[in-house]
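The values are calculated or read from the model by the stated rules, or taken from the named source; none is laboratory data. If you're wondering where the values come from, they're calculated on a predicted model, not measured in any experiment. As a convention, Cβ positions derive from the backbone with ideal geometry for all residues, glycine included, and neighbour counts pool all protein chains shown.
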Amino acid sequence: MDYAVQMKNITKTFGDVIANHDVTMDVKKGEILAILGENGSGKTTLMNMLSGIYYPDHGEIWINGKQVDIQSPRDAYDLGIGMIHQHFKLIDVFTAVENIALGLEKSEKFDLKTIENRTREICERYHFELNLQQKVYEMSVSQKQTLEIIKVLYRGAQILILDEPTAVLTPQETEKLFDVIRNMKADNKSVIIITHKLHEVLEISDRVVILRKGEYIGSVDTAQATESSLTEQMVGRKVTLNINRTDPVNPVKRLSVKNLTVFSQENVKILDDITFDVYGGEILGIAGISGNGQKELLEAIAGLQIPAQGSSVEFFERGMEDKPIQLIGKTPKMIRDSGVHLAFVPEDRLGMGLVGSMGMTGNMLLKTYGSGKSIFTDKKKPRKMALKVKEELEVATPSLNTPVSRLSGGNVQKVLVGREIAEAPSVLMTAYAVRGLDINTSYTIYNLLDEEKKTGVAVVYVGEDLDVLIDLCDRILVLCGGRVNGIVDARNITKEEVGLLMTNLRKEGA
Amino acid sequence: MSANVKTNIEQPRWRTVKRDHCSFGLKVLIRVAAILLALIIDALFIYFVTGLNPLSVYVVMYNGTFMTSMRFSWAMRDLVTLLCIGVALAPAFKMRFWNIGAEGQVLIGGLATAVVMVNCGKSLPGPMLLVVMLGASVAAGAVWGLIPSFFKAYWNTNETLFTLMMNYVAISIVASMTNLWRGQASSLGKLNMANRAGWFPQFLGQRYNINILTVLILTFVMFFYLKFSKHGYEISVVGESENTARYAGINVRRVTIRTMMISGAICGLAGFLIVGGRDQTISTTSAGGYGFTAIIVAWLAKFNTFYMALISFLLIFLQRGASEIASAYSLNDFAASIIEGVILFCILGSEFFINYRWVSEGKGGKA
């Protein structure tokens, strides 16, 4: 039997939303298959049915040529299917071996020594590097992922599914992961990778299955595919993937951050002595493995964190360049009242930037509801603003009063970005502005940022996709362990160099 | 390896699916259907368990609540008392501050009213006395709301437990005060029996018109406060997400405390209406559980004060009607409670059909 997996006419709906419609696809033994599709195209749902998390409404699943009924993850394990999810499912206070021991069949003897020895064999066979006695909370993201893979292999998985495995990895770690995947292929295992990164598809996979809006579009041998042919199938039409980058004209200092230090509530130093300047007319990228202080940095500037003594953030408002305004010690309201035009697109769109239960109009009001003397809110201006944002950014919403939480991710982000740039900011900070958005909306956002830059706005762009950071930004600040590990010229640097800066903290004073 | 995996494919015939949107007409239809279903179930219960004619029982229920002008005015009085507390809870609940301490806030407001009646009944002129009673009750209620919100705002204590416990504190204070006042008497009796100081006067020829009018005004004011005022906007944002509120520059602590003081103050006012306008006395049961029933009122109405009026009406009708049939047919109270309970159950249960629908396999799946 040639096929490891065959999925036939699979349909799955959630309410009125069709996640997968009549999808038929297969995976051969010893094959690396990439499942490519935009966010919301149903890649993860489809694989979740294979791993027993969801149950299909219609359709059949065949494993090794036999029809099967996968009702739980346990059934999937018994069939040799293992999935590594985007969010790891590990116990933080357990060691690597203890996590592997967890969830083994009850009939198996609980003997950590044997488990450890068998795990070590697996590590040697596939060239994993992992300290088996290390606790999970001491591990890096990449180590946790390695552990998840070992766990799945330990249980005898022949078919591995990896959901967006490289999203959290540096280029170096990605290379290591790909080596492991190639080793597994050599061992005649089938590997399925869910991804939306084209160059990775081209690098690692043998074959690509493309999904669009829950439907199966086609499958191509990777050898015959190019980036543009894959994009066309994924999006459904020809798209030009060009990020505009204009050269900064007449840069003026807008923001000067000096010795910024922030402690978390648990008194852990999250930002350590950060110093940098941002200029009008440029995009300053901020790179770093997630959780290295990006969120706190922007929040501290916006007045949402309480920095330690000695920190300073000076804001040079347009027309008042000789009179900098100190932002530290001010609440967001005080910052606004002091005449500073600071726009902030936070990472958590519905949890921080917007009010999900309100419509566009109500959300436009968020930062200005307090203006005027009346005890009642003025809804006229925000309605006009909402209308303008809706037209200019082509927000798809049934009405200006439809709760924004019901809109798609891309439209939610358009509402948020639209509001933030509507008030002519001098500095615009964005955190993961394109996370979860489809290709088209992502490029809309990139070009919007470039437009803002052309009008002299100082843009701070916290991003995770290094290719985009290098193509979009003028300078890139790399954060590592809460410290500035270098500010580099984006036009003269490679992805690998940035990746190194993200992981290896340079020596003091270097 | 796959030997122990079942290969017979079973699929459920029906699935529950979340509705995207429920039109107004459908909502009304579902609720009416729920009430009809409840009446049918109740009819079966009445017929088979008590052997009475269900229709005549329903008629007695209706007559008992509305037939005479006296009964009607009692029903209205109870309705506005319940509605007043529901209105008080609206801002707190909209902020996702689960104030289940209305009972205590009402009692403490009522106690403040009684204290003023007892101590100033002879010294202050009538209108002044009423104003002082009002001020005292509102202030007492506000303080009872302030305490849990202050702890929540500064130390993030659990407001549900805190407000619940505050009920028992209030009950105990009222109990000891009434014991103090009654002395050797078996019960407290009406306060200021001699000069009727602090008793609400008749207004437009009706005894409870002041209560009714006050609550009516409050209902409108609260509706506009929540929907159109800046405070109302802040309450919505804080309720939705505290992070968004901080991002927008809203002082979350201030809004939390202010809103709970308003909630407590209106509860205190309800206590004032009960003691000054209805009972002219106070006991630990003055609030009569309305502080808890009002939670159902506020929830079912989704914090819209006008819907609250409708739901209060229904609940009061059920309560009064049930006690009426209990006495008319010499049933015990439990039979009446069953009738009441079935209706409530059906109405609450109908929420399920407003949020979800059932589809049959193979047909609705592609809808």
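Residues of segment B:52-107 that are closer than 17 Å to residue B:271 by Cβ and touching an Asp or Glu at 6+ places or on another chain (Cβ under 9 Å): B:85, B:92, B:99, B:100, B:101. Taken over segment A:276-315, the criterion of being within 24 Å of residue A:142 (Cα to Cα) and among the acidic types (Asp, Glu) is satisfied by A:296 alone. Restricting attention to segment B:160-175, does a residue exist that is farther than 23 Å from residue B:289 by Cβ and in the same structural domain as residue B:265 (by TED's automatic domain parsing)? No: segment B:160-175 contains no residue that is farther than 23 Å from residue B:289 by Cβ and in the same structural domain as residue B:265 (by TED's automatic domain parsing).
The requirement of being surrounded by 15 or more Cβ atoms within 10 Å (Cβ to Cβ) and outside any strand (DSSP E or B) is satisfied by residue A:99.
Filtering segment A:301-354 to residues that are under 22 Å from the mean Cα position of the chain (by Cα) and of a type in the set (Phe, Trp, Tyr) leaves only A:344. Annotation for segment B:159-170: no member residue is free of Cβ contacts under 8 Å to residues at least 40 places away in the same chain and within 14 Å of chain A (Cβ to nearest Cβ). Counting only residues that are of a type outside the set (A, V, I, L, M) and surrounded by fewer than 14 Cβ atoms within 10 Å (Cβ to Cβ), segment B:202-218 holds 2 of them. Among the residues of segment A:14-37 satisfying the criterion of being surrounded by fewer than 22 Cβ atoms within 10 Å (Cβ to Cβ) and at pLDDT below 90, which is nearest to residue A:232 (Cα to Cα)? Residue satisfying both the conditions and the ranking: A:18. One residue stands out in segment A:144-178 among those that are more than 19 Å from residue A:131 (Cα to Cα) and of a type in the set (Asp, Glu): the one that is modelled with the lowest pLDDT, namely A:164.
The residue of segment B:286-338 that is surrounded by the most Cβ atoms within 10 Å (Cβ to Cβ), among those that are of a type in the set (A, V, I, L, M, F, W, C) and part of a loop (DSSP other than H, G, I, E, B), is B:287. Within the set A:362, A:410, A:418, A:370, the sole residue that is within 14 Å of another protein chain (Cβ to nearest Cβ) and either in contact with a Lys or Arg (Cβ under 7 Å, 6 or more places away or on another chain) or closer than 17 Å to residue A:441 by Cα (or both) turns out to be A:370.
Counting only strands (runs of 3 or more DSSP E) that sit completely within segment A:25-86, those holding 1 or more residues that are within 14 Å of chain B (Cβ to nearest Cβ) correspond to A:58-63, A:66-68, A:81-84. Selection over segment A:173-203 of residues that are assigned to a helix (DSSP H, G or I), polar (S, T, N, Q) and buried (at least 16 other Cβ atoms within 10 Å of the Cβ) gives a count of 1.
I want to confirm something. Restricting to segment A:362-378 and keeping residues that are within 13 Å of residue B:229 (Cα to Cα) and crowded, with 18+ Cβ neighbours inside 10 Å, which single residue is farthest from the chain's Cα centre (by Cα)? It comes out as A:377.
Of the residues A:352, A:334, A:360, the single one that is under 27 Å from residue A:383 (Cα atoms) and touching a Pro at 6+ places or on another chain (Cβ under 8 Å) is A:352.
Among the residues of segment A:300-334, those identified as within 13 Å of chain B (Cβ to nearest Cβ), surrounded by fewer than 24 Cβ atoms within 10 Å (Cβ to Cβ) and not in a loop (DSSP other than H, G, I, E, B) are A:332, A:333, A:334.
Can you find a residue that is in contact with a Leu (Cβ under 7 Å, 6 or more places away or on another chain) and among the polar types (S, T, N, Q) anywhere in segment A:60-70? No. When you check residue B:343 against the structure, is it assigned to a helix (DSSP H, G or I) and outside the structural domain of residue B:89 (by TED's automatic domain parsing), yes or no? Judged against the criteria, residue B:343 is a match.
For segment A:444-454, does any single residue satisfy the condition of being aromatic (Phe, Trp, Tyr) and part of a helix (DSSP H, G or I)?
For segment A:444-454, residues aromatic (Phe, Trp, Tyr) and part of a helix (DSSP H, G or I): present.
In segment A:263-286 there is no residue matching the filter, namely being within 14 Å of another protein chain (Cβ to nearest Cβ), assigned to a strand (DSSP E or B), within 20 Å of the chain's Cα centre (by Cα) and of a type in the set (Val, Ile, Thr).
From the list B:67, B:61, the lone residue that is modelled with pLDDT under 90 and surrounded by 18 or more Cβ atoms within 10 Å (Cβ to Cβ) is B:61. Confirm whether residue A:240 is in a helix (DSSP H, G or I) and either at pLDDT below 85 or surrounded by 14 or more Cβ atoms within 10 Å (Cβ to Cβ) (or both). So residue A:240 does not fit the description; no.
Here is a yes/no grid of residues against (1) of a type in the set (A, V, I, L, M); (2) within 30 Å of residue A:347 (Cβ to Cβ); (3) without any contact (Cβ under 8 Å) to a residue 60 or more places away in the chain; (4) more than 14 Å from chain A (Cβ to nearest Cβ):
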| residue | (1), (2), (3), (4) |
| --- | --- |
| B:202 | no, no, yes, yes |
| B:221 | yes, no, yes, no |
| B:268 | no, no, no, yes |
| B:305 | no, no, no, yes |
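The lone criterion from (1) within 12 Å of chain B (Cβ to nearest Cβ); (2) touching an Asp or Glu at 6+ places or on another chain (Cβ under 8 Å); (3) β-branched (Val, Ile, Thr); (4) closer than 19 Å to residue A:210 by Cα left unmet by residue A:18 is number (2). Residue A:381 meets the stated requirement of being away from every other protein chain (no Cβ under 11 Å), in a helix (DSSP H, G or I) and over 24 Å from the mean Cα position of the chain (by Cα). Against the definition (in the same structural domain as residue A:291 (by TED's automatic domain parsing), at negative phi and buried (at least 22 other Cβ atoms within 10 Å of the Cβ)), how does residue A:386 come out, yes or no? For residue A:386, the condition - in the same structural domain as residue A:291 (by TED's automatic domain parsing), at negative phi and buried (at least 22 other Cβ atoms within 10 Å of the Cβ) - is not met.
Would you confirm, using the coordinates I've provided, whether residue B:255 is of a type in the set (A, V, I, L, M), assigned to a helix (DSSP H, G or I) and within 14 Å of another protein chain (Cβ to nearest Cβ)?
Taking the combined requirement at face value, the residue satisfies it.
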